[in-house]
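J.: Quick one: structure below, then a few questions.
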Amino acid sequence: MIQAGFARVDITPPLGTPISGYFYQRLADGVLDPLQLNALAFGNGEDTALIIACDLIGMVMTSGNEVRALISEKTGVPAERIMLCCLHQHTSIRIGDKLGNKDYSSFDDPSYLSMLYRRFADVAKMAVDDMSEAVPCTAEAQAVRDIAFVRRYWLEDGTVATNPSSKGPKPVRRCDESDNTVRLIRFKREGKKDIAYVNFSTHPDVISGCKLSADWPGFVRRFVEKEQDALCLCVVGCQGDSNHCDYFKPATEGEGCMFPVGKRYPHSEYMGRSIADTVALIWDKTVAHTGETVFGGFEVVYNKTNTEGEEKYAEQKQFYDDYEAGKFEKAPHITQLAYAKRIIGLRTSPIYRAVPVTVLGLGDIAFVGFGGEPFTDYTHQSHAVAQGKTVFCSCCTNGYEGYLPHARAFEEGGYEASSSFFTPCLEEQCIEAVAGMVKKF
């Protein structure tokens, strides 16, 4: 007999907290909507697993290990059966050590971090305590509106750019296909509200600014809960090469590459509305799953650090110092900044870099989590090795190690590959880890 439980807690940090995600400092000066932890517990009466969807841009693996150990201590759920899925909102905060050289998102607030760790333990315990008999049912459909777009483009001069400048060569085609699939698990429960696990893949970087927000995942939760009279957690899938902007549409249409400040929060709502509308269409079309095996696997993939360009340290250091000193009339493109930051970071980088890969199993349902920002192709590859199981992927899971490009991207270029400390074999290593763990249940 499968059981499932749900719980939610607020983790909104104080004003003045550094907001993560950009190459300049932003300090929280308000709250558009609260940041939360939303927990799903499921089990078969003997073995239990936990998925916690976190309104955080990321959490480094060492911090994630500490949190999972604390949850395990408080709930008895083994650490390898715990998924901490950060939703990667760019209007939230990052937990863990500094990345690279100067990091504008780092903060040191022991009282908040102590509270946050306790909140993780609390929400996990409450979700486990809420468990009752449930039937997991799944469905998927293309979003009723195209809201995810691959942000890497081939330009008319034969090069590749991420979010290309309007003043440079024009984009002619996208490098990859986006994933506009809304994936749903509906845990049907007698006598209690159903639990909706909603999965969608695109960057939650719509709103910008200095106000805290859960971005479109927050809207998804609120819309689904109101309209389906259910409890909802939203998990972001493989989004490393996607965002909400279509560079083939003029900005004046409201869905183009640039949004005026006043349209950013409404567009986030529009995205949440689109996903929730799709959930409504498939809510009564879900198919029940009867398997009761509960599995948890956690592996760390070690990829040799990408040292390309290390001989350019002096010039790249000078370039980045000039940027931080405000010597440029116009800020350089993020690809240039990311490349320089990676070259500078090589001076203190380890020889091998660790990427956590997590797989949870519930019968023939597989939850696959990558500890960074995997490209959309990771979703396709995970499905290919899943041996017929129904797959739900998540980014920034049990760790955050930056962008996880597919092999071809390192040849093509773009912001993500320029900033990545990894080598082209990373995707193959991660998918091999997934395949090995999937075979065990």
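J.: Restricting to region 246-259, give me the number of residues that are open to solvent by 70 Å² or more (accessible area, probe 1.4 Å) and modelled with pLDDT of 70 or more.
T.: 1
J.: Still on this structure, please answer the following. Scan region 363-388 residue by residue and report those that are touching a strand residue (DSSP E or B) at 6+ places or on another chain (Cβ under 8 Å) and either part of a strand (DSSP E or B) or farther than 22 Å from Ala53 by Cα (or both).
T.: The answer is Ile365, Ala366, Phe367, Val368, Gly369, Phe370, Glu373, Pro374, Ala386.
J.: Under 6 Å by Cβ, and 6 or more places apart or on different chains, what pairs join a residue from region 149-167 that is on the phi > 0 side of the Ramachandran plot with one that is open to solvent by less than 30 Å² (accessible area, probe 1.4 Å) and of a type outside the set (S, T, N, Q)?
T.: If the second residue must be open to solvent by less than 30 Å² (accessible area, probe 1.4 Å) and of a type outside the set (S, T, N, Q), the pairs left are Asn163/Arg151.
J.: Where residues in region 397-415 are hydroxyl-bearing (Ser, Thr, Tyr) and either surrounded by fewer than 24 Cβ atoms within 10 Å (Cβ to Cβ) or over 22 Å from Ile95 (Cα atoms) (or both), which of them is modelled with the highest pLDDT?
T.: Step by step, filter region 397-415, then rank; the result is Tyr403.
J.: Also, I was wondering about something else. Strands (runs of 3 or more DSSP E) wholly in region 120-167 with at least 1 residues that are more than 22 Å from the chain's Cα centre (by Cα), among the small types (Gly, Ala, Ser) and surrounded by fewer than 18 Cβ atoms within 10 Å (Cβ to Cβ) - which ones?
T.: Of the strands (runs of 3 or more DSSP E) lying wholly inside region 120-167, those with at least 1 residues that are more than 22 Å from the chain's Cα centre (by Cα), among the small types (Gly, Ala, Ser) and surrounded by fewer than 18 Cβ atoms within 10 Å (Cβ to Cβ) span 132-142.
J.: From the list Phe219, Phe223, which one is in contact with a helix residue (DSSP H, G or I) (Cβ under 7 Å, 6 or more places away or on another chain), open to solvent by less than 20 Å² (accessible area, probe 1.4 Å), closer than 29 Å to Arg94 by Cα and without any contact (Cβ under 8 Å) to a residue 60 or more places away in the chain?
T.: Being in contact with a helix residue (DSSP H, G or I) (Cβ under 7 Å, 6 or more places away or on another chain), open to solvent by less than 20 Å² (accessible area, probe 1.4 Å), closer than 29 Å to Arg94 by Cα and without any contact (Cβ under 8 Å) to a residue 60 or more places away in the chain holds for just one of Phe219, Phe223, which is Phe219.
J.: Take Asp277 and decide whether it is among the charged types (D, E, K, R) and in a loop (DSSP other than H, G, I, E, B).
T.: When the stated conditions are applied, Asp277 does not pass them.
J.: For the structure I just gave you, tell me whether Leu362 is aliphatic (A, V, I, L, M) and surrounded by fewer than 20 Cβ atoms within 10 Å (Cβ to Cβ).
T.: So Leu362 fails the test.
J.: Are any residues in region 29-58 within 23 Å of Gly191 (Cβ to Cβ) and open to solvent by less than 10 Å² (accessible area, probe 1.4 Å), and if so, which ones?
T.: Listed by number, the residues that qualify are Asn38, Ala39, Leu40, Ala41, Phe42, Gly43, Ala49, Leu50, Ile51.
J.: Among the residues of region 260-267, is there at least one that is small (Gly, Ala, Ser), without any contact (Cβ under 8 Å) to a residue 60 or more places away in the chain and open to solvent by 60 Å² or more (accessible area, probe 1.4 Å)?
T.: yes
J.: Can you tell me which condition Thr423 does not meet? The list is (1) hydroxyl-bearing (Ser, Thr, Tyr); (2) at pLDDT below 95; (3) assigned to a loop (DSSP other than H, G, I, E, B), and all the others hold.
T.: Thr423 satisfies all of (1) hydroxyl-bearing (Ser, Thr, Tyr); (2) at pLDDT below 95; (3) assigned to a loop (DSSP other than H, G, I, E, B) except (2).
J.: When the residues of region 105-119 are narrowed to those that are over 20 Å from the mean Cα position of the chain (by Cα) and outside any helix (DSSP H, G or I), which ends up modelled with the lowest pLDDT?
T.: Ranking the candidates gives Phe107 first.
J.: Taking the stated definitions as given, is Arg26 basic (Lys, Arg) and open to solvent by less than 10 Å² (accessible area, probe 1.4 Å)?
T.: yes
J.: When you go through Ser394, Ser418 one by one, which is the residue that is within 27 Å of Phe187 (Cα to Cα), open to solvent by less than 30 Å² (accessible area, probe 1.4 Å) and hydroxyl-bearing (Ser, Thr, Tyr)?
T.: Being within 27 Å of Phe187 (Cα to Cα), open to solvent by less than 30 Å² (accessible area, probe 1.4 Å) and hydroxyl-bearing (Ser, Thr, Tyr) holds for just one of Ser394, Ser418, which is Ser394.
J.: Something else about it: Quick one: in region 341-359, of everything that is assigned to a helix (DSSP H, G or I) and either under 21 Å from Cys238 (Cβ atoms) or touching a residue at least 12 places away in the same chain (Cβ under 8 Å) (or both), which residue is most open to solvent (accessible area, probe 1.4 Å)?
T.: Within region 341-359, the match that is most open to solvent (accessible area, probe 1.4 Å) is Arg347.
The values are calculated or read from the model by the stated rules, or taken from the named source; none is laboratory data. Everything numeric in this text was worked out from a predicted model, so none of it was measured. Here the Cβ is made from the backbone with ideal geometry for all residues, glycine too, and neighbour counts use every protein chain on show. We work out accessible area using only protein heavy atoms, side chains counted, and drop any ligands, DNA or RNA first. Shrake-Rupley method; radii C 1.70, N 1.55, O 1.52, S 1.80 Å.
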